[in-house]
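The values are calculated or read from the model by the stated rules, or taken from the named source; none is laboratory data. A quick note: this is a predicted structure, and the numbers were derived from the prediction, not measured. Backbone-built Cβ (ideal geometry, glycine too); neighbour counts: all protein chains shown. Ligands, DNA and RNA are excluded from the accessible area calculation, which covers all protein heavy atoms including side chains. Shrake-Rupley method; radii C 1.70, N 1.55, O 1.52, S 1.80 Å.
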Amino acid sequence: MTSLYQPSRDELAALLANDQRGEPSYRLDQVWQGLYTQLATPAEITNVPKALRLRLEATLPLALTQVVRRVSDGGDTVKYLWQLADGSRIETVLMLYPDRVTVCVSSQVGCAMACGFCATGQAGFTRHLTVGEIVEQVVIAAREARAMDRRLANVVFMGMGEPMANEAAVWQSVERIHDALGLSARHITISTVGLVPGIRRLTERSLPVNLAVSLHAANDELRDRLVPINKRYPIDDLMQACSDYLHAKGRRLSFEWALIAGVNDRASDAAELAKLCRRFHLPAHVNLIPLNPTPGYPTVGSSPKRVDEFRDLLVSLGVNATVRRNRGTDIDAACGQLAAGQPVTLGTRRAAPD
Ligand code: SAH
């Protein structure tokens, strides 16, 4: 199923050529710039003839229909729930920081990785997203930022799904975001549960995007339980792939660590992580976040005090670590809480941890 942001520039050129009716070749530039520079809808690309605008609308429909748009209490986080053409639902989160605007995009409907603490993992896998569905999330976020006199500068593939299980579409989206929307590769981050073949493919790709790896545990016994795919790609293989990526790209590598009380927030966990980073000579940056509550996981996130202690422990062991601010908890838009299958009613608000 195609959609407005699906075709590459060449594919759009072919579409316009097929559908010529005497269109001059500069129409391609006008349409491309309309879509990606002006962030216009076809109807708003008024420098092309109306007949062409109508044909674009008819051949390349929008992929996302807004079901819900929720703004957090402080107004700095916006969560969208979208319905796709086949009835599937996905979510996108826009985060407005004082110094930057970031969008967190989904790459799949559901997820097959089955991490027990993640709401998307609990929901299971439905299908991959298309390039058009991924890019449209970014374009809409860019438009929304512009309406607030801000500029969208960062894209993180940390929404629903495992981006490296849908690498081809994710990579085409990265290229579109970079080439057409003009975001720098430094400001694009792909987060993976640790699919080694995906990291290897990324290493071969041309643009040096940031890599985030959802580590959560530094020994195989615990990681097998938290992140089941670890049984297929154990920590040593994963670290080797990360190290190769880092050397090939010179890009920032980060580890995500959702702190679960009594599970992976012990002094021994910090020590193991420090040892792992040393063993692989990985100057990784660790992002700490207390586990957010999800319906299907009974264990709670670490207390703010424990989160700070864990960070201090890591720092004292020579590991660069920061505590990530928890955003959007009040609108179920925080990390791991995206679960489009959940009924969306205002009564389902959960309290933020602590
Ligand atoms: N599948 C990719 C990207 C999506 S999840 C990945 O695993 O990296 C984005 C981040 O949120 C990951 O680090 C994931 O482990 C984390 N996460 C999942 N559930 C969470 C929860 N309940 N609380 C905090 N972080 C969570």
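Projected label points at residue 11 and residue 252, each 7 Å from Cα along the beta carbon direction, are separated by 3.1 nanometres. Once the Cα atoms are used to define both axes, helix 304-316 deviates from the longest principal axis of the chain by about 80 degrees. For the range 111-205, applying the loop criterion from DSSP together with a ceiling of 16 other beta carbons within 10 Å to the chymotrypsin sites (Phe, Trp or Tyr not before Pro) yields no site. Taking only protein heavy atoms and a 1.4 Å probe, the accessible area of the range 92-135 is 61% carbon and sulfur.
In units of the rule-of-thumb radius 2.2 N^0.38 Å, the range 21-62 shows an alpha carbon radius of gyration of 1.04. Length gained on full extension, residue 322 to residue 37, computed as 0.36 nm times the residue gap minus the Cα-Cα distance: 99.1 nm. Suppose R0 equals 41 Å; then what is the FRET efficiency for residue 309 and residue 232 from their Cβ-Cβ distance, rounded to the nearest 0.05? About 0.80, to the nearest 0.05. For the chain, the fraction of alpha-carbon pairs lying more than 33 Å apart is 29 percent, rounded to a whole number. Relative to the longest principal axis of the Cα atoms of the chain, the long axis of helix 131-147 lies at roughly 90 degrees. Give the separation of the Cα centroids, the range 142-163 to the range 43-61, in Å. Between the Cα centres of the range 142-163 and the range 43-61 lies a distance of 25 Å. Ligands, DNA and RNA are left out, and with a 1.4 angstrom probe the accessible area of the chain is 42 Å² per residue.
Of the trypsin sites (Lys or Arg not before Pro) found in the range 290-343, those that fall in a DSSP loop while having at most 13 other beta-carbon atoms within 10 Å are 325. Using only the C-alpha atoms, the convex hull of the range 14-112 corresponds to 156 Å³ per residue. Whole-Hz Karplus values for the range 188-195 come out as 10, 10, 9, 9, 10, 5, x, 6 Hz, taken residue by residue from phi with 6.51 cos²θ - 1.76 cosθ + 1.60 and θ = phi - 60°; glycine and proline positions read x. For the chain, the relative contact order is 14 percent, taking Cα pairs closer than 8 Å that sit 6 or more residues apart in sequence and dividing their mean separation by the residue count.
For the Cα atoms of the chain, what angle does the longest principal axis make with the long axis of helix 235-249, in degrees from 0 to 90, nearest 10? Result, in degrees: 50.
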